[in-house]
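Here the structure comes first, spelled out in structure tokens, and everything after it is commentary.
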Amino acid sequence: MIPYINIPFDYVSNLLGASTDELKLIFSFLISYPLAGVLKRLPDDKPWLKNVFSISVGVFFVIGLFDLWGGLFTITLDAVATYAIAAYIQGPYMPWIGFVWLMGHMSVSHIYRQMVNDPSLVDITGAQMVMVMKLSAFCWNVWDGKQKQADLTDAQKERMLTGLPSALDYAGFVAFFPALMAGPAFDYVDYHRWLNTTMFDLPAGIDPMKAPATRKRRKIPRSATPAMFKMASGLGWILLFLQLSKYYGSTVLLSDEYMGYNFFRRVFQMYMMNFVARMKYYGVWSLTEGSCILSGIGYQGVDPKTGKARWDRLTNIKPAGVELAQNSHAYLGNWNINTNHWLRNYIYLRVTPKGKKPGFRASMATFVTSAFWHGFEPGYYMTFVLASFIQNVAKNARRLLRPFFLTSDGKTPNKYKPYYDIFTWFVTQLAFCFVTTPFILLSIHDSMLAWTRVYFYCVIGVTACSVFLVTPGKAWLQRKVKARVGRPELKRGESQEGTTLGVPSEPGQEFDEMVDEIMEEVKRRQGSSALPDGQELRKRVEETLRSKTGGKEQ
């Protein structure tokens, strides 16, 4: 660490109440802006210089600011081992070996951080979580480059690597400083196209006169304005977090004073605690996205209508999408977007056998991966499990209720639709402020105490709705919907594919698919067709349960 570098941060820490490490982290995000401006201005024909500059700044952040020698070793070990796995291990298990290595190594870091139990300290775990996404995707990209083109999807063809990059290019990709400490994650092909500037070639059909403005002979379009907007919004969120966290921190929910509030104020306090906690992530991810935009790697092409450059390639958060979400899919889909992409493209779709649709196996693998990726605090798992049931209820409620607030063609809102929108927004926000509270409090004791103090309102609501979905009332509503819109109910997969942040979308259907897959596997291994199929097995289980409960219908 640079001598005496902590002195100014300690001084500001005493004024603001934030920890020294947290202030240094924010400083690293802010200083990334002028450094990204320098990186952008390095000669396009000298990619090696861009790599060296990026690596040098990344090492300065890890060692010069935070004195994380062990962290530097951790990232280096991850990167070198992954490169060796991609280079020397042949066969279809190569990407999975890389994935297991990265997840296993990160799990050790999670356990160590959990033992230290000091949220104010910045360690290498955050950067390592980003590395897991980048480097596991790298293994899959190398693997795809060895496959037949006909066996790949369009997205896989676009991201495949037909050969290993040079050690210097690979190191530059790993240590890319605007996204080193907190993301966003991106694939190697994005870095390579940014490095050789092919990312900025105009696509066919775009009038060169509408090309985004550049300076001098650089191919990277001017990006200062969108970058400064992201920086300003990020700083705004951070300042709001620092000011409001003292009033709506997690300690308030656990205090004796909290029980003196009436029920509605307690729920409001819980909502505000979650909202203020999200502000920190809004701020951090906006700041890092802005420096990526300034460097040029956030470029997403040209809007063919306006000719203006798009800078949303690495968008990781959409605060308005989260805060105004009217259903669980929108809420989760606008949060940690790049992690969603990684889970879908490199877990959910990769565990699915060729020629088959993703089912229980894919959903469960994604759920477990997302949970382990976050760490081992019990609160994470409480949040994920309850969120999966909320997903199920929300999806069914949308199918069964929303058509009544549309015209008969199912496309145009009727006069009551605004009331439906307000109601679904209110319910979504109330549900998720409850379900994400353990994600902040982390321990079982604190999480259960907080839930108890608001009378488990979300658990009771989700249970009541889930029970309704197995009664004749669901079938009655389905008939009403079909009669109204003149079409069958929406089937799974028509509105979305896969899980969001690893949260299963419909636990009931996932269970059915699990039964089917288990029976198919048993038949395959025993070579028998006499075993009951999944539907027959479920019927026998239901009959057994009815006999055990006195023959009553449930």
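The values are calculated or read from the model by the stated rules, or taken from the named source; none is laboratory data. These figures come from a predicted structure and were not determined experimentally. Note that we place each Cβ from the backbone using ideal geometry, even for glycine, and neighbour counts take in every protein chain shown. Heads up: the accessible areas ignore ligands, DNA and RNA and are worked out on the full protein's heavy atoms, side chains in. Shrake-Rupley method; radii C 1.70, N 1.55, O 1.52, S 1.80 Å.
Values for this structure:
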| read-out | value |
| --- | --- |
| Largest-first ellipsoid semi-axes for region 34-176, taking √(5λ) over the Cα gyration tensor eigenvalues, angstrom | 27, 23, 12 |
| For Arg159, net neighbour charge (Lys/Arg +1, Asp/Glu -1) across residues whose Cβ lies under 9 Å away | -3 |
| Value of relative contact order over region 120-219, rounded to a whole percent, pairs C-alpha under 8 Å and six or more apart | 30 |
| Residue list for region 255-285, given a label point 7 angstrom along the Cα-to-Cβ vector of His445 and an amide N cut-off under 17 Å | 255-256 |
| Förster-model FRET efficiency, 25 Å R0, Val368 and Tyr247, C-beta, rounded to 0.05 | 0.10 |
| Check: the chain dipole with +1 on Lys, Arg Cβ and -1 on Asp, Glu Cβ, in debye | 1860 |
| Long-range HN-HN contacts of Leu406 with modeled amide H, under 5 Å | Asn414 |
| Top positive-direction residue, dipole computed over the chain with Cβ charges, set Trp101, Gly145, Val302 | Val302 |
| Taking the chain and dividing mean pair separation by its residue count, relative contact order in percent (alpha carbons under 8 Å, at least six apart) | 14 |
| Estimated distance in nm for a label pair at Lys482 and Phe60, the labels positioned 7 Å out from Cα along Cα-to-Cβ | 6.7 |
| Accessible area of region 8-96 belonging to carbon and sulfur atoms, whole % at 1.4 Å probe | 72 |
| Pair Leu202, Arg215: separation of 7 Å Cα→Cβ label points (nm) | 2.2 |
| Chain lengthening between Val38 and Met272 when straightened (0.36 nm per residue, less Cα-Cα) | 80.3 nm |
| Pair Ile5, Thr225: separation of 7 Å Cα→Cβ label points (nm) | 3.6 |
| Phi to ³J(HN,Hα) by Karplus 6.51 cos²θ - 1.76 cosθ + 1.60 over region 410-420, Hz, x for Gly, Pro | x, 10, 9, x, 8, 5, 8, 4, x, 5, 4 |
| FRET efficiency estimate (nearest 0.05) - Cβ-Cβ, Ala464 to Lys415, R0 35 angstrom | 0.75 |
| Dipole of region 1-53, positive direction: furthest Cα of Leu35, Asn51, Pro8, with charges on the beta-carbon | Asn51 |
| Net charge over other residues, Cβ less than 12 angstrom from the Cβ of Leu42 (K, R count +1; D, E count -1) | +3 |
| From phi via Karplus (6.51, -1.76, 1.60), per-residue ³J(HN,Hα) for region 159-170 in Hz, x at Gly/Pro | 9, 5, 10, 7, x, 6, x, 5, 4, 5, 4, 5 |
| Debye, to nearest 20: dipole size of region 156-301, +1 on Lys, Arg Cβ, -1 on Asp, Glu Cβ | 460 |
| Cβ charges +1 (Lys, Arg) and -1 (Asp, Glu), total dipole of region 77-214, debye | 140 |
| Reciprocal mean inverse distance between Cα atoms of the chain - Kirkwood radius, Å | 26.0 |
| Around Phe434: net Lys/Arg minus Asp/Glu count, Cβ-Cβ under 12 Å | +2 |
| Cα shape, region 262-380, gyration tensor, a/c 1.5 rule | oblate |
| From phi via Karplus (6.51, -1.76, 1.60), per-residue ³J(HN,Hα) for region 267-281 in Hz, x at Gly/Pro | 5, 4, 5, 5, 4, 5, 4, 5, 4, 5, 4, 5, 4, 4, 6 |
